[in-house]
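The values are calculated or read from the model by the stated rules, or taken from the named source; none is laboratory data. It should be emphasised that the depicted structure is a prediction, and the values quoted were computed from it without experimental measurement. Positions of Cβ are backbone-derived with ideal geometry, glycine not excepted, and every protein chain shown enters the neighbour counts.
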Amino acid sequence: MKLSFRWYGPEDKVTLENIRQIPGMYTIVTAVYDVPVGQVWSRESIAALKQQIEEHGMYFEVVESIPVHEDIKLGKSSREQYIENYCENIRRVAEAGVKCICYNFMPVFDWTRTELAHELPDGSTTLAYYQDQVDAVNPLESDSDLTLPGWDASYSREELRSVVAEYQAVTEDRLWENLKFFLERVIPVAQACGVNMAIHEDDPCWSIFGLPRIITDEANLDRFLKLVDVPNNGITLCTGSLGCSCRNDVVKMAKKYAAMGRIHFVHMRNVAVLPDGKGFEERAHLSSCGSLDMYGIMKALYDNGFDGYIRPDHGRMIWGETGRPGYGLYDRALGAAYLNGLWEAAVKNDQTAY
Ligand code: DNO
């Protein structure tokens with residue numbers, strides 16, 4: 001596995017100097033953040049990221065994300081141009097040495113939480129999702145309280161309402177068709193450039209606000225992989241996105257998709273699933289802190305030949321740190337150290353078997 005860490009660019013409070021001191025750190029995961037969704041990234045911006053990262057002794061091999069423009073997901077005729085721009089971005093980052101691109105196909109909202117600083121008994125704060133709070137928001141009602149933390153701030157309230165309204169005509173089947181249309185054009189470019197595309201599961205992995213969500217469980221991941229059945233069309237296994245639903249057996253999925261060679265990137269984090277569909281809270285990476293078997297997942301990856309990128313996903317805020325929710329330094333660094341340990345255990349467990 002290649003250990004990686006998400007960095008939000010030169011504006012990030014967490015610096016490359018910080019990140020390089022985490023043991024075993026190999027590659028930075030980042031993106032060009034100052035270009036609107038759907039536009040082409042300049043070669044200069046990509047080169048500047050690469051240079052800064054390499055100056056700090058790490059590689060720039062993973063992009064998260066090249067976002068997919070909403071018109072592609074909606075299947076509008078304007079998607080042709082946006083897909084062409086997407087392909088151009090793949091070519092440009094590949095020229096700079098990027099090997100893996102993470103993206104998602106969630107309508108309108110990326111990851112959704114209802115609290116960004118929920119206090120845990122030990123005094124740390126974490127991201128949480130409470131279903132009753134989500135149910136209290138209706139993005140189509142003009143008087144509803146439209147803001148949940150983590151939403152794309154580039155939409156005005158009115159724009160948000162109108163884009164959500166456009167999805168009323170998009171069924172799950174239509175979204176699948178639009179995804180296939182996108183992949184059939186993008187994956188050949190990725191293949192030609194030697195880049196692996198890694199779709200991120202929907203977070204949480206169920207429909208919110210009546211919007212279709214399709215990258216949610218094993219049956220849908222099987223369907224996804226068959227849409228364009230080549231190795232470059234793969235997944236980001238996000239343990240927290242899948243694991244917030246009890247119906248997903250993440251260890252089994254890690255085994256299965258790693259054995260198929262279709263996991264290119266892993267987001268490792270732990271969640272505590274609350275009873276009776278009440279939602280979930282993010283927790284420290286350690287297995288005993290949440291609902292997931294983190295060693296089971298790492299061992300399943302190792303045993304099944306996984307050799308892609310892994311990053312510690314969201315961390316809590318600990319030791320008084322402030323910053324981007326989920327993306328502070330300290331708890332993610334603890335997560336990275338833990339992942340190193342789990343991997344070493346999986347490797348040595350295997351070697352001592354002989
Ligand atoms: C949240 C992240 C997601 C992820 C995108 C990938 O912290 O895991 O925002 O980057 O869904 O496109």
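For this structure, a couple of remarks:
- Once the stretch 6-27 is narrowed to residues that are within 25 Å of Ser154 (Cα to Cα), within 16 Å of the ligand (Cβ to nearest atom) and of a type outside the set (D, E, K, R), the residue that is surrounded by the most Cβ atoms within 10 Å (Cβ to Cβ) is Trp7.
- Filter result for Val98 (β-branched (Val, Ile, Thr) and more than 23 Å from the chain's Cα centre (by Cα)): no
Per-residue answers, yes or no, for (1) within 27 Å of Gly315 (Cβ to Cβ); (2) in contact with a helix residue (DSSP H, G or I) (Cβ under 6 Å, 6 or more places away or on another chain):
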| position | (1), (2) |
| --- | --- |
| Ala192 | no, no |
| Gly210 | no, no |
| Leu221 | yes, no |
| Cys246 | yes, no |
| Asp249 | yes, no |
| Ile263 | yes, yes |
| Val273 | yes, no |
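- Selection from the stretch 1-49 of residues that are part of a helix (DSSP H, G or I) and farther than 30 Å from Val347 by Cβ: Arg43, Glu44, Ser45, Ile46, Ala47, Ala48, Leu49
- Screening the stretch 95-119 for residues that are assigned to a loop (DSSP other than H, G, I, E, B), away from the ligand (no atom under 12 Å from the Cβ) and among the aliphatic types (A, V, I, L, M) and picking the one that is surrounded by the fewest Cβ atoms within 10 Å (Cβ to Cβ) gives Ala96.
- Tyr309 surrounded by fewer than 23 Cβ atoms within 10 Å (Cβ to Cβ) and either in contact (Cβ under 8 Å) with a residue 40 or more places away in the chain or of a type outside the set (Gly, Ala, Ser) (or both): no
- Screening the candidates Ala259, Ala284 for the property of being more than 27 Å from Glu115 (Cβ to Cβ) and either out of contact with any Cys (no Cβ under 8 Å at 6 or more places or on another chain) or polar (S, T, N, Q) (or both) yields one hit, Ala259.
- With respect to being without any contact (Cβ under 8 Å) to a residue 40 or more places away in the chain, within 16 Å of the ligand (Cβ to nearest atom) and farther than 24 Å from Ser156 by Cα, Val63 fits the description.
- Screening Ser207, Ser162, Ser245 for residues that are farther than 29 Å from Lys76 by Cα and either modelled with pLDDT under 95 or aliphatic (A, V, I, L, M) (or both) leaves exactly one candidate, Ser245.
- Leu242 vs. criteria in contact with a Leu (Cβ under 8 Å, 6 or more places away or on another chain), touching a residue at least 40 places away in the same chain (Cβ under 8 Å) and within 30 Å of Glu166 (Cα to Cα): no
- The stretch 266-283, subset more than 16 Å from the ligand (Cβ to nearest atom) and more than 22 Å from Asn104 (Cα to Cα), residue surrounded by the most Cβ atoms within 10 Å (Cβ to Cβ): Ala272
- Applying a threshold of 6 Å to beta carbon distances and a minimum spacing of six or more residues, or different chains, the list of pairs starting in the stretch 203-230 at a residue that is buried (at least 18 other Cβ atoms within 10 Å of the Cβ) and ending at one that is basic (Lys, Arg) reads Leu225/Arg262.
Rundown of residues vs (1) more than 19 Å from Glu184 (Cα to Cα); (2) of a type in the set (Val, Ile, Thr), yes/no style:
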| residue | (1), (2) |
| --- | --- |
| Ile19 | yes, yes |
| Ala31 | yes, no |
| Gly38 | no, no |
| Glu44 | yes, no |
| Lys50 | yes, no |
| Trp111 | yes, no |
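- For Glu321, the conditions (1) at pLDDT 95 or above; (2) more than 16 Å from the ligand (Cβ to nearest atom); (3) within 30 Å of Asn232 (Cα to Cα) all hold with the exception of (3).
- Candidates are the residues of the stretch 298-329 that are hydroxyl-bearing (Ser, Thr, Tyr) and not in a loop (DSSP other than H, G, I, E, B); the one that is nearest to the chain's Cα centre (by Cα) is Tyr309.
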